[in-house]
Amino acid sequence: MSILKVENVTMQFGGVTAVNNLNIEVEEGRIEALIGPNGAGKTTAFNVITGVYTPTNGSVYFNDEVITGLTPDKITKRGIARTFQNIRLFKNLTVLDNILIANHLRIKSNFMSCTFRMPWSKREEKQMREKSEMLLEKLGLSDLRNEIAHSLPYGEQRKLEIARALATDAKLLLLDEPAAGMNPSETMELSSFIYNIRDEFNLTIFMIEHHMDLVMEISEKIYVLDFGQLIAQGTADEVKNNPRVIEAYLGVDEDA
Amino acid sequence: MIEKVENKRIRLLINIFLAAIFVAVIVLLDTKKIGDDYIRRVLNLTAIYTIVSVSMNLVNGFTGLFSLGQAGFMAIGAYTVALFTVPLQVRPNVFYMVPQNPIIAQIELPFAIALILGGLLAALAAILIGIPVLRLKSDYLAIATLGFSEIIRIVCTNAKSITNGALGIKSIPEMPTMWVFFGVAIISVIIIYLLINSSYGRAFKAIREDEIAAEAMGINLFKHKVMSFAIGAFFAGIGGGLLASLLATVDPRQFYFTVTYNFLLIIVLGGMGSISGTVIASFLVTAGLEVLRFFDEPLTLFGVNIPVFRPGFRMVIFSLLLMVLVLFFRNGLLGQKELSWKVIHNWFNRRGKKKTGKGGVA
Ligand SMILES: Nc1ncnc2c1ncn2[C@@H]1O[C@H](COP(=O)(O)OP(=O)(O)OP(=O)(O)O)[C@@H](O)[C@H]1O
Ligand SMILES: [Mg+2]
């Protein structure tokens, strides 16, 4: 069953058509990827899926329900969480606070009972903390829990951003260039990290990535975007040998 | 480990000791054993400034909104207390030009009720401003709140049958004890502290840090902004109500939007995002404003009249201070930290290290 369906989505900014009549179906439980040259419209596609932009045309379905037109916070509540191409952590807060904040969307106590530390709110806060600590433990970030987010090494910041997205109890995780800025060994680690979280948290993962080694290794299906247009889709081998894809990437370093 | 526990116990004892001194000083002042009326008045004013500044920091420092409506919200609180606590029999004397609105003229409320009502009305006003404005980009809030402040002041000047216009409302009952001001201030600061350190407070901070990321983490931006803004207004209203009772009179000129700049200075000085910094800065600025008062008096030195010393000069000095602060001390006293023994300890350690470092080079 497809967990995410993008149907005839077009996104225009003034005269620029960033995404043109895009159709995507991501299967539940899989790792799929969206690739394409710079400026192809990949991030824009993510922004449409997560509600940052309302598409000029077309619809997005999550678990067969329309989510087009919902605000980003509502979409996250439904179970789609994301990371950003340029890391967007809550920079001046601790690692633990970053994770706790991502738990806030499921809070049941209102601000009064939280402020006045009512027993049920205290219980909820305690559960939130336990859940966050457990998540940090699972992702190997426990030792950093009291560090300020921006003081973390780059690779750890990327990891924390993924952890934060997971803390929202997402079912579908959208990763926008998770390996950007990582060295080869960090990139290798990332691929096993992605496998691990997929299995551990029963996730579906849809990611944008420029590192072709990584994409080819872990994606079960690849979509190729060029000038806002879907030009190919299929397994790594199918896409790799597609003449249109080769043409689109011509002059572009494949490993860039 | 044992040393740590020991340390903790000592610190707790010091804290209790300091709190006891504070209580003792207030009790002595309150029973008129020490100090005079002027000092009591300035200290009460400090308590009020603390409430308003901490609540402004909740909105501007912790949530990252830029509100300049404090004077307006205070006016709502102040007028609510004024309208409903002046004893019924003296009202005709207060409203001698235009009779008070017949409905309000029959209502007298206990101070505590009027105070809370003032806070609630200020919060209601904040919600009404917030609903259209907080959906827009954050820059609009500063303009809207400034405008609101001015509107409130102009309404207070002109709605004579309710507010007595420019004459203001006199004969507001004064409070018998400083504990009214300090009690409310302490409770307010504690409530705001607890809020900021709850899940909602973390959500506010997330919005301050990065709106886009906060929204992507499922935080409803609009709802949380309105919440923070309205809670901030509530406490500004409470501060205004206390001010009415401290001065025993309200009139529209007390609520020029320039009043808001005092609070802005306080939160910048104390640290946007630090409650203890705000409390300390409230004391410093309120006391400082009193000290600076001599700039407003004509000054004659060696028989020469120094021309710049005239009413208003104080505010020039004040604005200069604000500029220096913003230019050179971005983070204020405490930045986003809270005052704790650890912070003090680190501060001294750093100074110590700096000195030895210099020695090493020499
Ligand atoms: N908010 C916007 N307003 C106007 N144009 C935009 C906006 N967002 C994106 N675009 C344009 O849409 C096109 C696609 O941009 P997008 O960021 O989606 O590309 P991308 O595939 O993610 O590229 P990259 O690999 O560099 O991240 C670009 O031409 C960009 O300038
Ligand atoms: Mg992009």
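The values are calculated or read from the model by the stated rules, or taken from the named source; none is laboratory data. Bear in mind the structure is a predicted one, so any value in this text is a computation, not a measurement. All Cβ positions, glycine included, derive from the backbone under ideal geometry; neighbour counts span all protein chains shown. All accessible areas refer to the heavy atoms of the entire protein, side chains included, with ligands and DNA or RNA removed. Shrake-Rupley method; radii C 1.70, N 1.55, O 1.52, S 1.80 Å.
Springs between alpha-carbon atoms under 10 Å, Gaussian network over chain A: tell me which of A:LEU225, A:LEU34, A:LEU139 tops the mean-square fluctuations.
A:LEU139
Heavy atoms only, probe 1.4 Å: what % of the accessible area of the protein assembly as shown goes to carbon and sulfur, would you let me know? Write out the running numbers ahead of the final one.
Details: 18420 of 29680 Å².
Of all accessible area on the protein assembly as shown, carbon and sulfur atoms account for 62 percent.
Whole-Hz ³J(HN,Hα) for each residue in the range A:170-182, computed from phi via Karplus 6.51 cos²θ - 1.76 cosθ + 1.60 with θ = phi - 60°, x for glycine and proline: what do you get?
6, 9, 10, 10, 9, 10, 9, 6, x, 9, 4, x, 8
Which residue, B:TYR193, B:TYR96, B:TYR49, tops the fluctuation ranking in a GNM of chain B built on C-alpha contacts under 10 Å?
Top of the fluctuation ranking is B:TYR96.
If you find the alpha carbon centre of the range A:56-134 and of the range B:29-99, how far apart are they in angstrom?
Each part's Cα centre sits 38 Å from the other's.
I want to verify the translational diffusion coefficient of the range A:2-250 in µm²/s; compute it with Stokes-Einstein, Rh as the Kirkwood radius over Cα pairs, at 37 °C and 0.692 mPa s. Mind showing how you got there, number by number?
Working: Rh = 18.9 Å.
This corresponds to a translational diffusion coefficient of 173 µm²/s.
Give the percent of DSSP beta bridges with both residues in chain A that are antiparallel, rounded to the nearest 5.
Numbers: 21 of 37 bridges.
If we restrict to bridges inside chain A, about 55 percent are antiparallel.
Expressed in nm to one decimal, what extension gain is obtained for the pair B:ILE107 and B:PHE294 from 0.36 nm per residue of sequence separation less their Cα-Cα distance?
Numbers: separation 187, 0.36 × 187 = 67.32 nm, distance 4.22 nm.
Residue separation times 0.36 nm, minus the Cα-Cα distance, leaves 63.1 nm.
To the nearest 10 degrees, how steep is helix B:179-196 against the longest Cα principal axis of chain B, on a 0 to 90 scale?
Between helix and principal axis, roughly 60 degrees.
Name the long-range amide H neighbours of A:ASP226: under 5 Å, sequence gap of 5 or more, or other chain; modelled H, no Pro or chain starts.
A:ILE231
Classify the range B:129-238 from the C-alpha gyration tensor, please: rounded if a/c falls under 1.5, else prolate or oblate depending on whether a/b exceeds b/c.
Details: a/c = 4.11, a/b = 1.45, b/c = 2.84.
Oblate is the answer for the range B:129-238, as a/c is 1.5 or above yet b/c matches or exceeds a/b.
For the range B:1-131, list log₁₀ I(q)/I(0) at each q in 0.18, 0.19, 0.23 Å⁻¹, using the Debye formula over Cα point scatterers of equal strength and ignoring solvent, two decimals each.
-1.11, -1.13, -1.23
Can you give me the distance in nm between label points at B:PHE66 and B:PHE309, each placed 7 Å from the Cα along the Cα-to-Cβ direction?
Result for the modelled spin labels: 3.8 nm.
Place a point 7 Å from the Cα of A:ASN38 along the Cα-to-Cβ direction; which residues of the range A:209-227 have their backbone N under 14 Å from it?
A:210
May I ask for the distance between the Cα centers of the range A:2-42 and the range B:181-251, given as a whole number of Å?
Spelled out, the Cα-based centre of one part sits 41 Å from the other.
Please determine, in degrees from 0 to 90 and to the nearest 10, the orientation of helix A:154-166 with respect to the longest principal axis defined by the Cα atoms of chain A, where the helix direction is its Cα long axis.
Roughly 80 degrees between the two axes.
Which one, B:PRO110, A:LEU173, B:PRO92, projects farthest toward the positive side of the charge dipole computed for the protein assembly as shown from Cβ point charges (K/R +1, D/E -1)?
Comparing the listed Cα positions along the dipole, B:PRO92 ranks first.
Using all alpha carbons of the range B:12-89, what is the percent of pairwise distances in each 5 Å bin, ordered from the shortest bin to the longest?
P(r) for the range B:12-89, in whole percents per bin: 3, 12, 13, 15, 15, 17, 14, 8, 3, 0, 0.
Can you give me the accessible area per residue for the range B:154-216, using a 1.4 Å probe, in Å²? It would help to have the intermediate numbers written out before the result.
On the way: 2410 Å² over 63 residues.
Heavy-atom accessible area per residue stands at 38 Å².
Which value, in Å² and to the nearest 10, is the accessible area of A:ASP226 when all protein chains are kept and the probe is 1.4 Å?
Its accessible surface works out to 30 Å², give or take rounding.
PRE reach from B:LEU88 (point 7 Å along Cα→Cβ): which of the range B:108-146 fall under 15 Å by backbone N?
Backbone N within reach: B:108-110.
In the range A:98-113, which residues give up 30 Å² or more of accessible area once the other protein chains are added, compared with their chain alone (1.4 Å probe)?
Correct list: A:ILE101, A:HIS104, A:PHE111.
Based on DSSP, what percent of beta bridges with both residues in the protein assembly as shown are antiparallel, to the nearest 5? List each step's numbers first, then the result.
Working: 25 of 41 bridges.
Given both bridge residues lie in the protein assembly as shown, the antiparallel proportion sits at roughly 60 percent.
Once Lys and Arg get +1 and Asp and Glu get -1 on their Cβ, which of B:VAL308, B:LEU265, B:ALA230 lies farthest toward the positive end of the dipole of the range B:214-321?
B:ALA230
With point charges of +1 on the Cβ of Lys and Arg and -1 on the Cβ of Asp and Glu, referenced to the Cα centre of chain A, which listed residue (A:ILE107, A:THR187, A:LEU70) lies farthest in the positive direction of the dipole?
So the residue furthest toward the plus end is A:ILE107.
Rounded to whole Å and sorted largest first, what semi-axes of the equivalent ellipsoid does the C-alpha gyration tensor of the range A:1-93 yield via the square root of 5 times each eigenvalue? Mind dumping the intermediate values first?
Numbers: eigenvalues 74, 66, 41 Å².
Largest first, the range A:1-93 gives 19, 18, 14 Å.
What is the ratio of the Cα radius of gyration of the range B:37-261 to 2.2 N^0.38 Å, where N is its residue count, to two decimals?
Values: Rg = 17.8 Å, N = 225, 2.2 N^0.38 = 17.2 Å.
Cα Rg divided by the expected 2.2 N^0.38 Å: 1.03.
Label point 7 Å out from B:LEU301 along Cα-to-Cβ: which residues of the range B:320-337 have amide N under 20 Å?
B:320-321, by backbone N distance to the label point.
Using Cα atoms only, what is the angle between the long axis of helix A:184-201 and the major principal axis of chain A, expressed in degrees (0 to 90) to the nearest 10?
Between helix and principal axis, roughly 60 degrees.
Run a plain Debye calculation on the protein assembly as shown (Cα atoms as equal point scatterers, no solvent) and give log10 I(q)/I(0) at q = 0.06, 0.09, 0.10 Å⁻¹, rounded to two decimals, same order as the q list.
Results for the protein assembly as shown at q = 0.06, 0.09, 0.10 Å⁻¹ read -0.43, -0.85, -0.98.
What spacing in nm lies between the two simple spin-label points modelled at A:ASN202 and B:LEU321, each 7 Å away from Cα in the Cβ direction?
Going from the A:ASN202 label point to the B:LEU321 one covers 6.1 nm.
Among A:PHE116, A:PHE227, A:PHE206, determine the one that fluctuates most according to a GNM of chain A built with springs between C-alpha atoms less than 10 Å apart.
Result for chain A, Cα springs under 10 Å: A:PHE116 fluctuates most.
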